[in-house]
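Here the structure is laid out as structure tokens; the discussion comes afterwards.
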Amino acid sequence: MENIAGPDFIKALAFLAAGIAMGFGAIGPGIGEGFVGGKACEAIGKRPDEANLITKTMIIGQAISETTGIYALVVALILIFVV
Amino acid sequence: MEFVAVASVLGAGIAIGLGAIGSAVGEGYIAMKAVEALGRQPNAGGKILRTMIIGQAITETAAIFALVMALVLLFGNNEGAEVAKGYALIAAGITIGCGTVGSGFGAGLPGGSTMEGIGRNPENSDTLTVQMVIGQAVTQTSTIFALTVSLILATLTPENTVVKIFAILGAGFAMGLGAVGPGIGDGFVAKNANTAVGRRPEQMGLLTRTMIIGQAVTETTDIYSLVVALILIFVV
């Protein structure tokens, strides 16, 4: 507990930072993908014949919303294993 | 009082203090929509009350998980544990406290749109209740992830180094905050799916399928958080 200095300290803070990065990073994509999914369900409710097209578009939209979550994951993994 | 005992009390406070936010807002939202529906269809009072109670009971799940974790943290046996154990208990409180906010609020959203649907046409109340329960159940996924990580943290005996202590706090933040977004997002998907089922109950199968696909994709960031939290707990 006493040696709070040097490389150990950097390592420790990098782990904490990884947790914070992934934690906050997951909030936005989660809400955003929820909006996409919700509106897709609404659209299918109005035009059930176009369900395939709407589902396809929904998944593409959600995949793009996901990208910032993947950035957060990459940053977290770099902080854990590389720093 | 030694540090670990203080930390367990602090962890319990964080767990139930933050954990009560989401469910309370969600249940209030359902009740608000139920009162609105009652204003439109005063004769359907029985159906509205029944569905409201079911919806609120499921929305309560997140807060109950937080309560359970608070009790585990309060009454756990930490005799002679080292300082690192105290930080693990605080991290457990952060995980379940933050982690239940999203699911609690999210589970309220489909409940509200179900009430709207019943207010529009009380005949659909059975179909809508089934759809609501499915949507709310999937919305609880992120809370269940948070509960799992929280239980691991509460029972963990970490090695007593600064690096491990920070890694454990990091795991708590990753899973706790990471569960907020997907919980709310799942709720939005279920809300609009229920609105659509309320308008066209005959399309329920198609809408349930789309809702579950949408919710599953929304959960991915939650799974990333879980993976990062588990790496921080067990690998580093």
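For this structure, a couple of remarks:
- Once the Cα atoms are used to define both axes, helix B:125-139 deviates from the longest principal axis of chain B by about 20 degrees.
- Largest GNM mean-square fluctuation across B:214, B:108, B:97, computed for chain B with C-alpha springs under 10 Å, falls on B:214.
- Loop-located GluC sites (Glu not before Pro) in chain A, at most 10 other Cβ atoms within 10 Å (DSSP): A:2
- Estimated FRET transfer efficiency (residue B:50, residue A:47; beta-carbon r; R0 35 Å; 0.05): 0.65
- Peptides B:62-69, A:19-26, B:127-134 ordered by packing proxy, namely the average of other Cβ atoms within 10 Å per residue, highest first: A:19-26, B:62-69, B:127-134.
- Accessible surface of segment A:2-47 [probe 1.4 Å, protein heavy atoms]: carbon and sulfur percent: 72
- The C-alpha atoms of chain A define a longest principal axis, and helix A:6-25 lies at about 10 degrees to it.
- Both numbers refer to the Cα atoms of segment B:3-105; Rg and Dmax are 18.1, 62 Å.
- Counted over chain B with a bin width of 10 Å, the fraction of Cα pairs per bin, in whole percents, is 9, 32, 27, 17, 10, 4, 0.
- Lysine pair count for the protein assembly as shown with Cα-Cα distance under 27 Å and sequence separation of 8 or more or different chains is 14.
- Helical mean residue ellipticity (222 nm; -39500 (n - 2.57) per DSSP H run of 4+; nearest 500) of chain B: -29500 deg cm²/dmol
- What you get for segment B:57-131, charging only the Cβ of Lys and Arg (+1) and of Asp and Glu (-1), is a dipole of about 140 debye around the Cα centre.
- The calculated P(r) of chain A, using every Cα pair and 10 Å bins from 0, goes 18, 30, 21, 15, 10, 4, 1 in percent.
- Chain B: angle of helix B:162-178 to the longest principal axis, Cα-based, in degrees nearest 10: 0
- Per residue, the accessible area of segment A:9-81 comes to 47 Å², computed with a 1.4 Å probe over protein heavy atoms only.
- Note on chain B: GNM, Cα springs under 10 Å; of B:196, B:70, B:15, the largest mean-square fluctuation is that of B:196.
- Percent carbon-and-sulfur accessible area, chain B, ignoring ligands, DNA and RNA, probe 1.4 Å: 69
- Global geometry of the protein assembly as shown, whether rounded, prolate or oblate, following the gyration tensor of its Cα atoms and the 1.5 cut on a/c: oblate
The values are calculated or read from the model by the stated rules, or taken from the named source; none is laboratory data. What you are looking at is a predicted structure, and each value in this text was computed from that prediction instead of being measured. Backbone-built Cβ (ideal geometry, glycine too); neighbour counts: all protein chains shown. The protein model used for the area step is the full one, side chains on, heavy atoms only, and it has no ligands, DNA or RNA in it. Shrake-Rupley method; radii C 1.70, N 1.55, O 1.52, S 1.80 Å.
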